[in-house]
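Worksheet for the structure shown next.
The values are calculated or read from the model by the stated rules, or taken from the named source; none is laboratory data. Here the structure is a predicted model, which is why all the values come from computation and not from measurement. Here Cβ is always computed from backbone atoms with ideal geometry, including for glycine, and neighbour counts include all displayed protein chains. The area values use the complete protein model at the heavy-atom level, side chains included, leaving out ligands, DNA and RNA. Shrake-Rupley method; radii C 1.70, N 1.55, O 1.52, S 1.80 Å.
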Amino acid sequence: DRAQTLESIDVEHSEITHLGIFFPIYSLLKCSKRNRPVRVVKCVRFETPSLDVSDYVVAYLQKTLRFRVRAVARGLPKPRQLFLSYSTGKPLRRGSISGYILEVMSLAGIDVSCFKAHSARGGAPSYQASRGVSPGKILAQGDWMNLGTFQRFYERFTDNSVE
């Protein structure tokens, strides 16, 4: 997702189910359009513990609870954004989120001199396209209306995509 979307995740609107954690995004975003359903960030539950993002999100919420409680104790509004600064407890801004995405991409072995945080948006769909995943699934994953948008602006070919 875009850093703007991640910045807009509101824990007060989260829904936790046996399928995972769902965060509807009610803020106006760059990708918001009239008569389209509300965008939902999904942290899907997996049987494999290392892939279960919902467990990581719950652990993160538990670790950041002290910042939320501290703000209320000081008479400030409780931070509603999911991502908080570990040093200040204040909500992270888009630039900081992008920086963390870049750091994770670098740790994953991705050349961050060529790819930036927004490149992550097209990375998984590009990989899936190279593996023959249907265009419909790719469009749904990227929240694109037109396959041409993905192909023109996001699809990347790497040495790993050609066999």
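Here are some notes:
- Placing unit charges on the Cβ atoms only, positive for Lys and Arg and negative for Asp and Glu, gives the chain a dipole magnitude near 860 debye about its Cα centre.
- Option label - P(r) over Cα pairs in 5 Å bins from 0, in percent computed here, alternatives (i) 1, 8, 14, 17, 21, 18, 11, 6, 3, 1, 0, 0; (ii) 1, 7, 13, 12, 10, 8, 7, 6, 6, 5, 5, 5, 5, 4, 3, 2, 1, 0; (iii) 2, 9, 15, 18, 18, 15, 12, 7, 3, 1, 0, 0: (i)
- Accessible surface for segment 1-97, divided over its residues, is 68 Å² per residue with a 1.4 Å probe.
- Degrees between helix 94-107 axis and first principal axis of the chain (Cα, 0 to 90, nearest 10): 60 degrees
- GNM top mover of Thr88, Thr48, Thr17 - the chain, alpha-carbon springs below 10 Å: Thr48
- When the residues Ile101, Ile25, Ile16, Ile110 are ordered by accessible surface, computed with a 1.4 Å probe over the protein chains alone, the sequence from largest down reads Ile16, Ile110, Ile101, Ile25.
- Surface share of carbon and sulfur [accessible, 1.4 angstrom probe, percent] for the chain: 57 percent
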